[in-house]
Amino acid sequence: MLVRTAAMDAGFADTAHLSRSFRAMFGLSPSAAIAGLGETLLRLLRASPR
């Protein structure tokens with residue numbers, strides 16, 4: 001699903017509106033949150049026993 005489609009389905013006027021709302025709520029941009037999740041996942045994978 002495209003971000004634009006998801007934003008519209010959720011009631012946002014556009015992706016910029018979604019991004020501003022996300023930043024206001026969480027204190028960082030959606031892309032920064034996604035990047036942080038990726039880094040966290042990599043750390044967890046490296047730390048897990050094999």
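Tell me, please, whether a residue that is among the charged types (D, E, K, R) and assigned to a loop (DSSP other than H, G, I, E, B) can be found in region 12-26. Yes: region 12-26 contains one or more residues that are among the charged types (D, E, K, R) and assigned to a loop (DSSP other than H, G, I, E, B). Condition check for Arg20 on (1) open to solvent by less than 100 Å² (accessible area, probe 1.4 Å); (2) within 13 Å of the chain's Cα centre (by Cα): one failure, at (1). Collect the residues in region 23-40 that are open to solvent by less than 100 Å² (accessible area, probe 1.4 Å) and over 20 Å from Val3 (Cβ atoms), keeping them in residue-number order. Correct list: Thr40 only.
The values are calculated or read from the model by the stated rules, or taken from the named source; none is laboratory data. Values in this document were obtained by computation on a predicted structure and should not be read as measured data. Don't worry about glycine lacking a Cβ; one is built from the backbone with ideal geometry, like all the others, and counts go over all protein chains shown. The area values use the complete protein model at the heavy-atom level, side chains included, leaving out ligands, DNA and RNA. Shrake-Rupley method; radii C 1.70, N 1.55, O 1.52, S 1.80 Å.
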